[in-house]
Amino acid sequence: MTQFLASVKGVDEARIALAGGADIIDLKNPRDGALGAVAVETVRQTVADIAGRRPISAVCGNLPMEPERFRAAAEAMAATGVDYLKVGIPSYDKARACVEALAPLATQVKIVAVLFADLYPDFDILPVLAQNGFHGVMLDTAGKGRGRLLDHIPPEHIPAFLDRARSLDLMVGLSGSLEAPDIPRLLPLQPDFLGFRGALCADSRRDASINPEAVKRIRELIPEELVAQASATVDYRLLAARGYSPEVEDPGLGTDKIFVRDFVLPVEIGAYSFEHGRKQNVRFDVTAEVRRLTSNPQDMRHVVSYDIIIDGIRAIVSRGHVELSETLAEQVASHVLEDPRVVRVSVRVEKLELGAGSVGVEIERMRAKEQPVSKKSGAAGNSSEEEIAERRRKGLLT
């Protein structure tokens, strides 16, 4: 289950986040960058006010990479009673020593390391975190005026980070000036949580107060329960509860077509020996016919994002050599059809460097009919006891 982490400045904002359905309430001072800490007393008051209704995390502050000061600040914040303690790892010359200094504290509170996508993160620190009892790791951005997470790490590169963290049994989250359109792009990657601040505030100004309507919009884009589904990387049937499923639409609304045109990428493709070990430019044209949910779409809840198509193509291409254009086209079509609102997709794949013109293939695929999904289904009712126990062990269920 991907949870919704809302960063707040104190008690008043924590109450708004709680009322808006945030899964984790995270205390930080947004005026002091990604690692700005609020006063210890403010954290203590918020912990008392929330009274266990949601897990609470707190940032330890912009700390120098000095093991003793690192540990002292973390111990002071941990004494407030928070569930999670976030510590930044902005540089790596003394990172191991600082992580090792927190190992005794990791037996008392769940520590989450924060790595920064815009500061050349070294993912070799992940085994060190696991060896010293850290509970999790998250990717964020240090410079809030220098772009979003996906501006620094493309979505097709994030799965490698997630997989490595998971292999070490680390809870893993994504943050970094995320906005509503980023959510459908990141949900298929199944991070344990997505973190937000600016997107929750008036006019997206992260130093402003959080806005209840903005919190609600983000909450409605992140499903609160997962239903097991083996045939897709993300269980889009779950999204029925939030307006995504075909079964809740008005059939009279018809369909729209979303498309990606003239999208060119260097691809390792071809059956000939001279095509192996090199990349050649390939052009993709994709059109997806999607069922409409409303006659008046207002936000990301009501649409299928073309970014999902582009991200999917990039991810497929990044896997390595493909023998046939037909294979590549089928993989793209299958990816697009994972969303049950897509009823039909056409995919054209053209190799651009094998002659005066282009050569390739164009396919069209339709969705197979599926059995309707019960709206009463939920995570607990569809997960095995072992899965539920594992999530509790990792702190993802309370």
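For the stretch 5-48, what are the residues that are under 15 Å from Ala214 (Cα atoms) and touching a Gly at 6+ places or on another chain (Cβ under 7 Å)?
Leu5, Ser7 - these are the residues of the stretch 5-48 that are under 15 Å from Ala214 (Cα atoms) and touching a Gly at 6+ places or on another chain (Cβ under 7 Å).
I want to confirm something. Restricting to the stretch 78-101 and keeping residues that are among the hydroxyl-bearing types (Ser, Thr, Tyr) and closer than 21 Å to Val47 by Cβ, which single residue is nearest to the chain's Cα centre (by Cα)? Before you say what the answer is, go through the steps one by one.
Step one: of the stretch 78-101, the residues among the hydroxyl-bearing types (Ser, Thr, Tyr) are 80, 84, 91-92.
Cutting the leftovers down to closer than 21 Å to Val47 by Cβ gives us 80, 84.
Details: Thr80: 29, Tyr84: 19 Å.
Out of the qualifying residues, it is Tyr84.
Check whether at least one residue in the stretch 197-204 is part of a loop (DSSP other than H, G, I, E, B) and either more than 11 Å from the chain's Cα centre (by Cα) or among the aliphatic types (A, V, I, L, M) (or both), and report yes or no.
Step one: filter the stretch 197-204 for residues part of a loop (DSSP other than H, G, I, E, B), giving 197.
Among the residues that remain, those that are also either more than 11 Å from the chain's Cα centre (by Cα) or among the aliphatic types (A, V, I, L, M) (or both) are: 197.
Scanning the stretch 197-204, I find at least one residue that is part of a loop (DSSP other than H, G, I, E, B) and either more than 11 Å from the chain's Cα centre (by Cα) or among the aliphatic types (A, V, I, L, M) (or both), so the answer is yes.
For the stretch 70-166, list the strands (runs of 3 or more DSSP E) that sit wholly inside it and hold at least 1 residues that are touching a His at 6+ places or on another chain (Cβ under 8 Å); which are they?
Those strands (runs of 3 or more DSSP E) span 84-88, 110-116.
Whether any residue in the stretch 23-34 is touching a Leu at 6+ places or on another chain (Cβ under 6 Å), at pLDDT 95 or above and within 21 Å of Phe196 (Cβ to Cβ) is what I want to check. Before you say what the answer is, go through the steps one by one.
Start the filter on the stretch 23-34 by keeping residues that are touching a Leu at 6+ places or on another chain (Cβ under 6 Å), which leaves 24, 26.
From what's left, at pLDDT 95 or above: 24, 26.
Going one step further and asking which of them are within 21 Å of Phe196 (Cβ to Cβ), we end up with 24, 26.
Scanning the stretch 23-34 turns up at least one residue that is touching a Leu at 6+ places or on another chain (Cβ under 6 Å), at pLDDT 95 or above and within 21 Å of Phe196 (Cβ to Cβ).
Filter the stretch 24-53 for residues that are more than 21 Å from Leu63 (Cα to Cα), buried (at least 21 other Cβ atoms within 10 Å of the Cβ) and within 25 Å of the chain's Cα centre (by Cα) and give the result. Steps first, please.
Keep residues of the stretch 24-53 that are more than 21 Å from Leu63 (Cα to Cα), which gives 24-25, 45-53.
With buried (at least 21 other Cβ atoms within 10 Å of the Cβ) added as a condition, the list becomes 24-25, 46.
Result: Ile24, Ile25.
Where residues in the stretch 207-234 are among the small types (Gly, Ala, Ser) and at pLDDT below 50, which of them is nearest to Thr2 (Cα to Cα)?
Ala228
Regarding the stretch 375-394, can at least one residue be identified that is modelled with pLDDT of 85 or more and not polar (S, T, N, Q)?
No.
Can you give me the number of residues within the stretch 266-318 that are within 30 Å of Glu213 (Cα to Cα) and of a type in the set (Ser, Thr, Tyr)? It would help to see each step written out before you state the result.
Let us first name the residues in the stretch 266-318 that are within 30 Å of Glu213 (Cα to Cα), namely 290-311.
Next, only the ones that are of a type in the set (Ser, Thr, Tyr) stay: 294-295, 305-306.
Total meeting the criteria: 4.
Among the residues of the stretch 188-209, write down those that are aliphatic (A, V, I, L, M) and touching a Phe, Trp or Tyr at 6+ places or on another chain (Cβ under 9 Å). First the steps, then the outcome.
Initial filter on the stretch 188-209 (aliphatic (A, V, I, L, M)): 189, 194, 199-200, 202, 208.
Correct list: Leu194 only.
Working only within the stretch 332-360, note down all residues that are of a type in the set (Val, Ile, Thr) and either part of a loop (DSSP other than H, G, I, E, B) or under 26 Å from the mean Cα position of the chain (by Cα) (or both).
Step one: filter the stretch 332-360 for residues of a type in the set (Val, Ile, Thr), giving 332, 336, 342-343, 345, 347, 349, 359.
Val332, Val336, Val342, Val343, Val345 - these are the residues of the stretch 332-360 that are of a type in the set (Val, Ile, Thr) and either part of a loop (DSSP other than H, G, I, E, B) or under 26 Å from the mean Cα position of the chain (by Cα) (or both).
Any idea which residue in the stretch 261-294 is surrounded by the fewest Cβ atoms within 10 Å (Cβ to Cβ), counting only those that are assigned to a strand (DSSP E or B) and basic (Lys, Arg)?
The first filter runs over the stretch 261-294 and keeps only residues assigned to a strand (DSSP E or B), leaving 261-267, 269, 280-291.
Next cut, basic (Lys, Arg) only: 261, 283, 291.
Numbers: Arg261: 11, Arg283: 17, Arg291: 20.
The residue in question is Arg261.
Answer yes or no: is there a residue in the stretch 319-331 that is assigned to a helix (DSSP H, G or I), within 17 Å of Phe259 (Cβ to Cβ) and in contact (Cβ under 8 Å) with a residue 40 or more places away in the chain.
Let us first name the residues in the stretch 319-331 that are assigned to a helix (DSSP H, G or I), namely 325-331.
Next cut, within 17 Å of Phe259 (Cβ to Cβ) only: 329.
Checking the rest, the ones that are also in contact (Cβ under 8 Å) with a residue 40 or more places away in the chain come to none.
Among the residues of the stretch 319-331, not one is assigned to a helix (DSSP H, G or I), within 17 Å of Phe259 (Cβ to Cβ) and in contact (Cβ under 8 Å) with a residue 40 or more places away in the chain, which makes the answer no.
Only one of Ala76, Ala17, Ala58, Ala72 is within 21 Å of Val137 (Cα to Cα), in the same structural domain as Pro191 (by TED's automatic domain parsing) and crowded, with 19+ Cβ neighbours inside 10 Å; which? Outline the logic, then answer.
On the way: Ala76 fails: crowded, with 19+ Cβ neighbours inside 10 Å; Ala17 fails: within 21 Å of Val137 (Cα to Cα); Ala72 fails: crowded, with 19+ Cβ neighbours inside 10 Å.
Just one listed residue meets the conditions, Ala58.
Taking the residues in the stretch 327-342 that are over 14 Å from Asp307 (Cα atoms), touching a helix residue (DSSP H, G or I) at 6+ places or on another chain (Cβ under 8 Å) and aliphatic (A, V, I, L, M) as candidates, determine which candidate is surrounded by the fewest Cβ atoms within 10 Å (Cβ to Cβ).
Among residues in the stretch 327-342 that are over 14 Å from Asp307 (Cα atoms), touching a helix residue (DSSP H, G or I) at 6+ places or on another chain (Cβ under 8 Å) and aliphatic (A, V, I, L, M), the one surrounded by the fewest Cβ atoms within 10 Å (Cβ to Cβ) is Leu328.
When you check Leu168 against the structure, is it within 28 Å of Arg31 (Cα to Cα) and either outside the structural domain of Ser7 (by TED's automatic domain parsing) or modelled with pLDDT of 95 or more (or both), yes or no?
Values: within 28 Å of Arg31 (Cα to Cα): no; either outside the structural domain of Ser7 (by TED's automatic domain parsing) or modelled with pLDDT of 95 or more (or both): yes.
Answer is no for this residue.
Of everything in the stretch 345-364 that's touching a residue at least 60 places away in the same chain (Cβ under 8 Å) and within 22 Å of Pro188 (Cβ to Cβ), which residue is surrounded by the fewest Cβ atoms within 10 Å (Cβ to Cβ)?
Per the criteria, the residue is Ser346.
Can you work out which of the residues in the stretch 103-116 that are hydrophobic (A, V, I, L, M, F, W, C) and out of contact with any Phe, Trp or Tyr (no Cβ under 7 Å at 6 or more places or on another chain) is surrounded by the fewest Cβ atoms within 10 Å (Cβ to Cβ)?
Let us first name the residues in the stretch 103-116 that are hydrophobic (A, V, I, L, M, F, W, C), namely 103, 105-106, 109, 111-116.
Narrowing further to those that are out of contact with any Phe, Trp or Tyr (no Cβ under 7 Å at 6 or more places or on another chain): 103, 105, 109, 114-116.
Working: Ala103: 14, Leu105: 18, Val109: 22, Val114: 23, Leu115: 24, Phe116: 22.
Within the stretch 103-116, the match that is surrounded by the fewest Cβ atoms within 10 Å (Cβ to Cβ) is Ala103.
Need pairs with beta-carbon distance below 6 Å; first residue under 14 Å from Gly81 (Cα atoms) and without any contact (Cβ under 8 Å) to a residue 24 or more places away in the chain and within the stretch 23-52, second part of a helix (DSSP H, G or I) and of a type outside the set (Asp, Glu); sequence gap 6+ or separate chains.
Between residues of the stretch 23-52 that are under 14 Å from Gly81 (Cα atoms) and without any contact (Cβ under 8 Å) to a residue 24 or more places away in the chain and residues that are part of a helix (DSSP H, G or I) and of a type outside the set (Asp, Glu), there is no close pair.
The values are calculated or read from the model by the stated rules, or taken from the named source; none is laboratory data. The model shown is predicted, which means the values in this text are computed figures rather than measured ones. Cβ atoms come from the backbone with ideal geometry, glycine included; neighbour counts cover every protein chain shown.
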